[in-house]
Amino acid sequence: MKLKKTVVMVGMMGAGKTAVGRALAAKLNVPFLDSDAEIVKAANLSIAEIFDRDGETFFRQKESQVIDRLLDEERGILSTGGGAFLAEGNRAMITEKGISVWLDADLELLWQRVRHKDTRPLLHTPNPKATLREIYEQRVPIYAKADLSVKSLTAYSIENMADRVLEALKSRPDVLET
């Protein structure tokens, strides 16, 4: 199989963008790219530290620049932060240069995955589950604009999800040549 465009994994925090993206990249024998990891490397700070020091607006500007660069530099599987796809400019850039795949996980699955992690700056609130619900309700209609959608269920392993994404990509000969 030959990948013709970068596949951009989008969705909520905890949806599995990084884990599934890595597995998919391995299956396709293409590079795995991670916009958050690139930002952390460039800033030499964690995402939470960047949010604290410079604010979300600054972070989102850097995120857009990094995604643009990664889409231009090499073809592969790109994992993005949960908020990246919200910006209309990012959505247009991703659609123009790649293809977006929404990992559609429900709220309970996301909560099970993120509730014990302190690396989610948006959830540093008195009631993180309520905050997650608010974010989820705001973002789902935007994620639904992705080029492809793959439902994530608790029963699916990372490998199962990567296979499901691969099957969805096979429906797009402009993206994946089999």
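The values are calculated or read from the model by the stated rules, or taken from the named source; none is laboratory data. Just so it is clear, the structure is predicted and the values come from calculations on it, not from any experiment. Positions of Cβ are backbone-derived with ideal geometry, glycine not excepted, and every protein chain shown enters the neighbour counts.
Listing for the model above:
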quantity	calculated
Test: Ser149 is surrounded by 12 or more Cβ atoms within 10 Å (Cβ to Cβ), outside any helix (DSSP H, G or I) and either among the polar types (S, T, N, Q) or modelled with pLDDT of 95 or more (or both)	yes
Residue check for Val66: closer than 20 Å to Ala87 by Cβ and either out of contact with any helix residue (DSSP H, G or I) (no Cβ under 8 Å at 6 or more places or on another chain) or assigned to a helix (DSSP H, G or I) (or both)	yes
Selection count where residues are more than 24 Å from Leu103 (Cα to Cα) and free of Cβ contacts under 8 Å to residues at least 24 places away in the same chain, scope the stretch 37-72	11
The stretch 19-58, residues that are of a type in the set (Gly, Ala, Ser) and in a helix (DSSP H, G or I)	Ala19, Gly21, Ala23, Ala25, Ala26, Ser35, Ala37, Ala42, Ala43, Ala48, Gly55
Subset tally (residues that are out of contact with any helix residue (DSSP H, G or I) (no Cβ under 6 Å at 6 or more places or on another chain), of a type outside the set (Ser, Thr, Tyr) and under 28 Å from Leu71 (Cα atoms)) for the stretch 138-158	9
Scope the stretch 70-91; condition small (Gly, Ala, Ser), closer than 15 Å to Gln138 by Cβ and assigned to a helix (DSSP H, G or I); matching residues	Ala84
Unique residue being at pLDDT below 95, within 16 Å of the chain's Cα centre (by Cα) and crowded, with 16+ Cβ neighbours inside 10 Å when the list is Met93, Met12	Met12
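Residue by residue, here is whether (1) touching a residue at least 24 places away in the same chain (Cβ under 8 Å); (2) under 16 Å from the mean Cα position of the chain (by Cα); (3) assigned to a loop (DSSP other than H, G, I, E, B) holds:
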site: Leu110; (1), (2), (3): yes, yes, no
site: Thr131; (1), (2), (3): no, no, no
site: Tyr136; (1), (2), (3): yes, yes, no
site: Thr154; (1), (2), (3): yes, no, yes
site: Ala162; (1), (2), (3): yes, yes, no
